[in-house]
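Before any comments, here is the structure.
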Amino acid sequence: MKATASLVVIGAGIVGCSTTYHLAQKGWSDIVVIDQGPLFATGGSTSHAPGLVYQTNASKTLALLAKYTVELYNQLEVDGDPAFYQVGSLEVASTEARWQELHRKLGWAQSWGIEGASLVTPADAKTMVPLLDDSKILGALHVETDGIAKAVRAAEAMARFAINQKAAEFHGHTVVTDIEVV
(Lines give C-alpha, C1' and ligand atoms only; values in the text may rest on other atoms or scores of the structure.)
Protein backbone atom coordinates (compact mmCIF):
# COMPACT_ATOMS: atom_id res chain seq x y z
CA MET A 1 0.00 0.00 0.00
CA LYS A 2 1.12 3.55 -0.70
CA ALA A 3 2.52 5.56 2.20
CA THR A 4 0.61 8.71 1.18
CA ALA A 5 -2.52 9.59 -0.76
CA SER A 6 -4.43 12.72 -1.67
CA LEU A 7 -7.50 11.22 -0.04
CA VAL A 8 -8.05 8.20 2.20
CA VAL A 9 -11.54 6.75 2.47
CA ILE A 10 -12.07 4.53 5.49
CA GLY A 11 -14.71 1.93 4.73
CA ALA A 12 -15.37 0.03 1.50
CA GLY A 13 -19.10 -0.39 1.99
CA ILE A 14 -21.71 1.38 -0.09
CA VAL A 15 -20.90 4.84 1.33
CA GLY A 16 -17.13 4.57 0.86
CA CYS A 17 -17.43 3.06 -2.62
CA SER A 18 -20.07 5.58 -3.69
CA THR A 19 -17.95 8.48 -2.43
CA THR A 20 -14.94 7.14 -4.31
CA TYR A 21 -17.00 6.49 -7.47
CA HIS A 22 -18.39 10.03 -7.53
CA LEU A 23 -14.99 11.60 -6.84
CA ALA A 24 -13.48 9.53 -9.67
CA GLN A 25 -16.24 10.77 -11.95
CA LYS A 26 -15.27 14.32 -11.00
CA GLY A 27 -11.66 13.67 -11.96
CA TRP A 28 -10.14 12.95 -8.54
CA SER A 29 -7.29 10.47 -8.34
CA ASP A 30 -4.72 9.24 -5.82
CA ILE A 31 -7.48 7.86 -3.58
CA VAL A 32 -6.88 4.96 -1.21
CA VAL A 33 -9.87 3.07 0.21
CA ILE A 34 -9.32 0.75 3.16
CA ASP A 35 -11.60 -1.52 5.12
CA GLN A 36 -11.00 -3.77 8.10
CA GLY A 37 -13.11 -6.50 6.49
CA PRO A 38 -12.96 -8.25 3.14
CA LEU A 39 -13.81 -6.40 -0.07
CA PHE A 40 -16.73 -5.83 -0.74
CA ALA A 41 -18.90 -7.80 1.65
CA THR A 42 -17.23 -6.02 4.52
CA GLY A 43 -19.53 -7.27 7.25
CA GLY A 44 -20.97 -3.81 7.91
CA SER A 45 -24.37 -2.33 7.12
CA THR A 46 -23.96 -2.78 3.36
CA SER A 47 -23.66 -6.53 3.77
CA HIS A 48 -26.82 -6.75 5.86
CA ALA A 49 -29.13 -4.18 4.25
CA PRO A 50 -32.33 -5.55 2.69
CA GLY A 51 -31.84 -3.20 -0.27
CA LEU A 52 -35.38 -1.93 -0.66
CA VAL A 53 -35.41 1.34 -2.61
CA TYR A 54 -38.62 3.36 -2.25
CA GLN A 55 -38.54 6.72 -4.00
CA THR A 56 -41.73 8.29 -2.64
CA ASN A 57 -41.02 10.54 0.31
CA ALA A 58 -42.42 13.73 1.81
CA SER A 59 -38.91 15.17 1.60
CA LYS A 60 -38.12 16.27 -1.94
CA THR A 61 -34.39 15.89 -1.21
CA LEU A 62 -34.75 12.27 -0.05
CA ALA A 63 -37.09 11.44 -2.94
CA LEU A 64 -34.67 12.84 -5.52
CA LEU A 65 -31.75 11.03 -3.87
CA ALA A 66 -33.69 7.75 -4.09
CA LYS A 67 -34.61 8.52 -7.71
CA TYR A 68 -30.93 9.12 -8.52
CA THR A 69 -30.04 5.86 -6.75
CA VAL A 70 -32.49 3.95 -8.97
CA GLU A 71 -31.09 5.60 -12.11
CA LEU A 72 -27.47 4.90 -11.11
CA TYR A 73 -27.97 1.36 -9.83
CA ASN A 74 -29.87 0.43 -13.00
CA GLN A 75 -26.58 1.02 -14.85
CA LEU A 76 -24.37 -0.95 -12.45
CA GLU A 77 -23.45 -4.61 -12.76
CA VAL A 78 -20.70 -7.01 -11.76
CA ASP A 79 -19.81 -9.75 -14.22
CA GLY A 80 -23.23 -9.48 -15.84
CA ASP A 81 -25.17 -9.55 -12.57
CA PRO A 82 -27.26 -6.39 -12.02
CA ALA A 83 -26.99 -4.22 -8.93
CA PHE A 84 -30.69 -3.35 -9.07
CA TYR A 85 -33.88 -5.28 -9.75
CA GLN A 86 -36.71 -2.96 -10.72
CA VAL A 87 -39.55 -5.07 -9.32
CA GLY A 88 -41.75 -2.19 -8.18
CA SER A 89 -43.37 -1.57 -4.82
CA LEU A 90 -46.89 -1.90 -3.51
CA GLU A 91 -48.19 -0.16 -0.38
CA VAL A 92 -51.69 -1.24 0.59
CA ALA A 93 -54.37 0.62 2.53
CA SER A 94 -56.75 -1.23 4.82
CA THR A 95 -58.17 1.92 6.47
CA GLU A 96 -59.54 5.19 5.13
CA ALA A 97 -56.74 7.12 6.88
CA ARG A 98 -54.11 4.96 5.19
CA TRP A 99 -55.86 5.35 1.82
CA GLN A 100 -55.72 9.15 2.21
CA GLU A 101 -52.02 8.86 3.11
CA LEU A 102 -51.40 6.91 -0.11
CA HIS A 103 -53.17 9.67 -2.06
CA ARG A 104 -50.73 12.16 -0.47
CA LYS A 105 -47.80 9.90 -1.33
CA LEU A 106 -48.95 9.77 -4.96
CA GLY A 107 -49.01 13.58 -4.95
CA TRP A 108 -45.44 13.67 -3.66
CA ALA A 109 -44.31 11.16 -6.28
CA GLN A 110 -45.89 13.21 -9.06
CA SER A 111 -44.51 16.48 -7.66
CA TRP A 112 -40.97 15.11 -7.37
CA GLY A 113 -40.98 13.48 -10.82
CA ILE A 114 -41.02 9.86 -9.66
CA GLU A 115 -42.03 7.81 -12.68
CA GLY A 116 -44.48 4.92 -12.65
CA ALA A 117 -46.48 5.88 -9.54
CA SER A 118 -50.21 5.20 -9.50
CA LEU A 119 -53.06 4.25 -7.23
CA VAL A 120 -54.49 0.84 -8.03
CA THR A 121 -57.71 -0.96 -7.16
CA PRO A 122 -57.82 -3.89 -4.75
CA ALA A 123 -58.30 -6.22 -7.74
CA ASP A 124 -55.22 -4.77 -9.47
CA ALA A 125 -53.21 -5.17 -6.26
CA LYS A 126 -54.31 -8.81 -6.02
CA THR A 127 -53.18 -9.38 -9.62
CA MET A 128 -49.72 -8.14 -8.60
CA VAL A 129 -49.67 -10.10 -5.33
CA PRO A 130 -51.98 -13.12 -5.66
CA LEU A 131 -51.74 -13.98 -1.94
CA LEU A 132 -53.30 -10.62 -1.05
CA ASP A 133 -56.88 -10.68 0.27
CA ASP A 134 -58.35 -7.87 -1.83
CA SER A 135 -61.54 -7.81 0.25
CA LYS A 136 -59.51 -6.37 3.16
CA ILE A 137 -58.02 -3.35 1.36
CA LEU A 138 -59.27 -0.10 -0.17
CA GLY A 139 -56.51 0.15 -2.74
CA ALA A 140 -52.76 0.50 -3.05
CA LEU A 141 -49.96 2.76 -4.21
CA HIS A 142 -47.88 1.06 -6.89
CA VAL A 143 -44.51 2.52 -7.92
CA GLU A 144 -43.22 0.41 -10.78
CA THR A 145 -39.75 2.01 -10.77
CA ASP A 146 -38.99 1.06 -7.14
CA GLY A 147 -37.00 -2.07 -6.50
CA ILE A 148 -34.36 -4.05 -4.71
CA ALA A 149 -30.70 -3.02 -4.68
CA LYS A 150 -27.93 -5.53 -4.27
CA ALA A 151 -25.79 -3.18 -2.19
CA VAL A 152 -22.62 -5.29 -2.09
CA ARG A 153 -22.76 -5.68 -5.88
CA ALA A 154 -23.37 -1.94 -6.32
CA ALA A 155 -20.40 -1.15 -4.05
CA GLU A 156 -18.14 -3.47 -6.03
CA ALA A 157 -19.32 -2.04 -9.37
CA MET A 158 -18.58 1.51 -8.21
CA ALA A 159 -15.19 0.43 -6.84
CA ARG A 160 -14.32 -1.27 -10.14
CA PHE A 161 -15.16 1.95 -11.98
CA ALA A 162 -12.78 3.96 -9.76
CA ILE A 163 -10.06 1.32 -10.14
CA ASN A 164 -10.48 1.19 -13.93
CA GLN A 165 -10.21 4.99 -14.05
CA LYS A 166 -6.90 4.66 -12.17
CA ALA A 167 -8.44 6.95 -9.56
CA ALA A 168 -8.31 4.64 -6.55
CA GLU A 169 -6.85 1.54 -5.00
CA PHE A 170 -8.74 -0.60 -2.49
CA HIS A 171 -7.32 -2.60 0.42
CA GLY A 172 -9.34 -5.04 2.49
CA HIS A 173 -8.35 -6.59 5.82
CA THR A 174 -6.63 -3.32 6.72
CA VAL A 175 -7.18 -1.83 10.16
CA VAL A 176 -6.75 1.91 10.73
CA THR A 177 -4.48 2.43 13.72
CA ASP A 178 -3.42 6.04 13.17
CA ILE A 179 -4.00 8.99 10.87
CA GLU A 180 -1.35 11.57 10.11
CA VAL A 181 -2.41 14.63 8.14
CA VAL A 182 0.47 16.35 6.37
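Residues being modelled with pLDDT of 95 or more and over 17 Å from the mean Cα position of the chain (by Cα) are entirely absent from the stretch 60-74. Taking the stretch 100-181 and the strands (runs of 3 or more DSSP E) fully enclosed by it, the elements with 1 or more residues that are farther than 24 Å from K67 by Cβ are at 168-171. Filtered by the rule that a residue be assigned to a helix (DSSP H, G or I) and either over 30 Å from R160 (Cα atoms) or free of Cβ contacts under 8 Å to residues at least 60 places away in the same chain (or both), the stretch 73-99 gives E96, A97, R98, W99. Taken over the stretch 41-72, the criterion of being under 30 Å from D133 (Cβ atoms), touching a residue at least 60 places away in the same chain (Cβ under 8 Å) and polar (S, T, N, Q) is satisfied by Q55, T56. Among the residues of the stretch 13-69, the ones that are part of a helix (DSSP H, G or I), of a type in the set (A, V, I, L, M) and exposed (fewer than 15 other Cβ atoms within 10 Å of the Cβ) come to 3 in all.
The values are calculated or read from the model by the stated rules, or taken from the named source; none is laboratory data. Keep in mind that what you see is a predicted model, and the values were worked out from it rather than measured. Heads up, the Cβs are rebuilt from the backbone with ideal geometry, glycines too, and the neighbour counts pull from every protein chain shown.
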